[in-house]
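**Q** Okay, here's the structure, questions in a sec.
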Amino acid sequence: MGRKMILPLVAFLLATGDVSAEMYKYIDDQGAMHFVESLNDVPKKHRRKATAAGEGGSVSYTAPAPQDQAAKPKRKSSGDERTPFTGTVEIYMTSWCPACKSALAYVKKNGIAYSAYDIEKDEDANRRFAGYGGRGVPLIVVGNQTMRGFDSRTLERWLGR
């Protein structure tokens with residue numbers, strides 16, 4: 001029975017490849033900070049100054065300021081107006097967690113302001129994670145709401161988007 005369990009596990013690990021959440025940051029010529037998952041994604045002229053993001057197991061991103069609201073077309077009211085969340089989403093994660101990597105990719109792709117904390121590398125983050133009743137990762141905090149796991153529809157609803 002042991003062999004039956006080990007072979008699928010080894011096959012899975014080989015198939016999934018590297019799911020490391022290591023990130024790098026660099027500042028471009030216009031002074032904008034960028035986060036990428038590989039040093040190869042940093043333009044060559046900025047590689048010497050690129051650093052591993054988040055000393056102590058954390059990384060943060062602040063979304064650009066919203067565009068002029070007057071330029072945006074008005075949406076009709078559905079009768080269920082929500083106030084958009086304007087704070088920073090907190091993501092408690094580990095470097096080996098595929099769902100954590102998906103959550104990070106989603107917030108980056110959608111320009112959502114976030115702070116990500118690796119609970120295995122950051123003792124303070126681990127304490128906060130435990131304070132939220134954390135038992136698994138990712139644990140995502142949006143204001144006073146806590147999500148265990150990652151669901152983009154729920155995140156968007158909580159953000160009021």
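For (1) part of a loop (DSSP other than H, G, I, E, B); (2) modelled with pLDDT under 95, each residue gets a yes or a no:
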position: K45; (1), (2): no, yes
position: R75; (1), (2): yes, yes
position: G87; (1), (2): yes, yes
position: Y92; (1), (2): no, no
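**Q** Among the residues of the stretch 138-153, is there at least one that is surrounded by 14 or more Cβ atoms within 10 Å (Cβ to Cβ), over 17 Å from the mean Cα position of the chain (by Cα) and either modelled with pLDDT under 95 or among the charged types (D, E, K, R) (or both)?
**A** Within the stretch 138-153 (the criterion being surrounded by 14 or more Cβ atoms within 10 Å (Cβ to Cβ), over 17 Å from the mean Cα position of the chain (by Cα) and either modelled with pLDDT under 95 or among the charged types (D, E, K, R) (or both)), the answer is no, since none of the residues qualifies.
**Q** Would you check which residues across the stretch 94-115 are outside any helix (DSSP H, G or I), closer than 21 Å to R161 by Cα and in contact (Cβ under 8 Å) with a residue 12 or more places away in the chain and list them?
**A** G111, I112, A113, Y114, S115, listed by residue number.
**Q** Here is a follow-up. Kindly provide the set of residues from the stretch 106-161 that are among the β-branched types (V, I, T) and over 19 Å from W96 (Cα atoms), ordered by number.
**A** Matches in the stretch 106-161: I112, V141, V142, T146, T154.
The values are calculated or read from the model by the stated rules, or taken from the named source; none is laboratory data. Computed from a predicted structure; not experimentally measured. Note: ideal-geometry Cβ built from the backbone for every residue, glycine included; neighbour counts use all protein chains shown.
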